[in-house]
Amino acid sequence: MRELDRRSLLAAAGGVAGAGFLGQTLLVRDEVTEVRSTRLIMGSLVTVTAVTRDTDRAELGVERAFAEMSRLESVFTRHDPDGEVARLNDAGVLDSPSPELVALLQRCRRLYDRTDGAFDPTVLPVVSAFESGADHPQDARRHVSDATFEDVVVDESELRTPTPLTLDGVAKGAVVDAGVAALRDWVDAGLIEAGGDVRVFGGDDSSSRWRVGVENPRGDGLASTVRLDSGGVATSGDYRIYYDEDRTNHHIITPGTGRSPTEDTSVTVVADDAETADAHATAAFVLDDDRAAAMLSTRDDLAGLFLTRDGERRVTDGWGD
């Protein structure tokens with residue numbers, strides 16, 4: 001904890017991938033204190049920041065946020081053999097799924113339809129082949145499933161899938177949003193950042209906006225800085241998890257082909273919440289930039305930044321540095 005002077009700047013958070021918290025300029029009328037804690041969730045360092053005049057409430061809020069994120073991690077992760085997604089993948093069917101998992105899969109279905117299948121959680125067999133290290137990256141594509149997300153049955157009483165699923169392209173954002181929902185019951189302003197997925201709230205005027213930096217994946221420094229009153233920011237890129245030196249094979253997979261997209265090094269999306277930003281950044285990275293930009297531009301609440309392998313920088317309407 002530390003007190004913040006008028007218009008003081010919080011220290012930059014280091015080591016984040018994609019989008020990351022830079023700082024906040026606060027217009028302080030009374031004593032304001034920052035409460036911040038960082039813990040490991042979802043395989044990433046997750047930082048919860050609360051800005052408050054009541055440290056006791058803030059500390060409770062931070063604990064509640066971490067508790068809620070940990071609870072949902074156990075629902076959405078594919079890495080816990082006792083978790084719902086792992087059991088669904090193992091048996092192909094899951095009875096009495098949690099409402100949170102059903103709701104997230106229903107939202108995934110809507111995005112699958114909206115992106116003509118570019119966002120598809122059924123790419124896990126190819127991802128698993130990459131992760132195992134047993135296959136050369138070129139051979140991993142033979143694990144492409146004939147099934148698509150259209151073949152997955154999502155019902156409140158039962159889930160069925162003919163092929164294993166991964167929620168890696170959306171779950172982190174959903175978990176961050178749940179943490180923010182818990183945190184904002186206790187404080188008026190806060191931020192949660194999880195491995196590059198960011199959600200902020202409470203920056204209610206030009207002097208107290210949150211600053212979120214977008215990493216330059218092919219150089220030093222930042223490619224962009226976004227100032228937000230509230231909302232989410234997420235980045236998909238080829239520069240953190242990849243399987244060959246030139247990064248033509250990485251953890252983002254184009255459905256149906258098993259190939260990794262190679263037009264961009266990163267795509268960053270700003271949205272009203274972290275889940276929407278996370279899922280649309282994944283879909284936009286899979287699509288070619290023209291189609292992705294058109295997709296984002298159909299909604300007033302979305303804006304995107306594309307950094308290409310050729311070193312170009314492209315933004316959609318609504319993006320502001």
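Given the range 84-199, what helices (runs of 4 or more DSSP H) lie entirely inside it while holding 1 or more residues that are of a type in the set (Val, Ile, Thr), under 22 Å from Glu73 (Cβ atoms) and in contact with an Asp or Glu (Cβ under 9 Å, 6 or more places away or on another chain)?
The helices (runs of 4 or more DSSP H) meeting that bar are 99-114, 124-132, 171-183.
When you scan the range 204-212, do you find a residue that is surrounded by fewer than 21 Cβ atoms within 10 Å (Cβ to Cβ), within 22 Å of Thr55 (Cα to Cα) and touching a residue at least 60 places away in the same chain (Cβ under 8 Å), even just one?
Yes; the residues of the range 204-212 include at least one that is surrounded by fewer than 21 Cβ atoms within 10 Å (Cβ to Cβ), within 22 Å of Thr55 (Cα to Cα) and touching a residue at least 60 places away in the same chain (Cβ under 8 Å).
Given the structure, is Gly20 assigned to a strand (DSSP E or B), small (Gly, Ala, Ser) and modelled with pLDDT under 85? Give the steps one after another, and end with the answer.
Details: assigned to a strand (DSSP E or B): yes; small (Gly, Ala, Ser): yes; modelled with pLDDT under 85: yes.
Yes: the conditions hold for Gly20.
Of the conditions (1) crowded, with 17+ Cβ neighbours inside 10 Å; (2) modelled with pLDDT of 85 or more, Asp185 satisfies every one except a single condition; which number is it?
Asp185 satisfies all of (1) crowded, with 17+ Cβ neighbours inside 10 Å; (2) modelled with pLDDT of 85 or more except (1).
Hey, among Gly237, Gly213, Gly179, Gly219, which residue is not assigned by the TED database to the domain that holds Gly256 and not aliphatic (A, V, I, L, M)?
Selected residue: Gly179, the only one of Gly237, Gly213, Gly179, Gly219 that is not assigned by the TED database to the domain that holds Gly256 and not aliphatic (A, V, I, L, M).
May I ask you to list the residues in the range 278-302 that are touching a helix residue (DSSP H, G or I) at 6+ places or on another chain (Cβ under 6 Å) and under 19 Å from Asp238 (Cβ atoms)?
Asp278, Ala279, Ala284, Ala292
Output the number of residues of the range 49-105 satisfying the condition of being surrounded by fewer than 21 Cβ atoms within 10 Å (Cβ to Cβ), within 18 Å of Ala194 (Cβ to Cβ) and of a type in the set (Lys, Arg).
Count: 2.
Determine which single condition Ala274 fails, assuming it passes every other condition in (1) at pLDDT 95 or above; (2) over 15 Å from Gly169 (Cβ atoms); (3) touching a Lys or Arg at 6+ places or on another chain (Cβ under 9 Å).
Condition (2) is where Ala274 drops out.
Considering only residues that are within 23 Å of Trp186 (Cα to Cα) and of a type in the set (A, V, I, L, M, F, W, C), which ones fall in the range 52-104? Please lay out each step first, then the result.
Start the filter on the range 52-104 by keeping residues that are within 23 Å of Trp186 (Cα to Cα), which leaves 52-73, 100.
Passing the criteria: Ala58, Leu60, Val62, Ala65, Phe66, Ala67, Met69, Leu72.
Looking only at the range 248-294, count how many residues are acidic (Asp, Glu) and under 20 Å from Ser224 (Cα atoms).
Step one: list which residues in the range 248-294 are acidic (Asp, Glu), which gives 263-264, 272-273, 275, 278, 288-290.
Narrowing the set further to residues that are under 20 Å from Ser224 (Cα atoms) leaves 263-264, 272-273, 278, 289.
Number satisfying all stated conditions: 6.
Looking only at the range 87-132, count every residue that is without any contact (Cβ under 8 Å) to a residue 40 or more places away in the chain and on the phi > 0 side of the Ramachandran plot and tell me the total.
1
Conditions (1) of a type in the set (Gly, Ala, Ser); (2) surrounded by 20 or more Cβ atoms within 10 Å (Cβ to Cβ); (3) farther than 22 Å from Val175 by Cα, marked per residue:
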{"site": "Leu222", "(1), (2), (3)": "no, no, yes"}
{"site": "Ala234", "(1), (2), (3)": "yes, yes, no"}
{"site": "Arg240", "(1), (2), (3)": "no, no, no"}
{"site": "Asn249", "(1), (2), (3)": "no, yes, yes"}
{"site": "Thr257", "(1), (2), (3)": "no, no, yes"}
{"site": "Pro261", "(1), (2), (3)": "no, yes, yes"}
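Which one of Arg259, Arg218, Arg211, Arg227 is out of contact with any helix residue (DSSP H, G or I) (no Cβ under 9 Å at 6 or more places or on another chain) and not in a strand (DSSP E or B)?
Unique residue meeting the criteria: Arg218.
Quick check, is Thr161 surrounded by 14 or more Cβ atoms within 10 Å (Cβ to Cβ), over 20 Å from the mean Cα position of the chain (by Cα) and among the hydroxyl-bearing types (Ser, Thr, Tyr)?
Criteria met by Thr161.
The values are calculated or read from the model by the stated rules, or taken from the named source; none is laboratory data. Everything numeric in this text was worked out from a predicted model, so none of it was measured. Cβ atoms come from the backbone with ideal geometry, glycine included; neighbour counts cover every protein chain shown.
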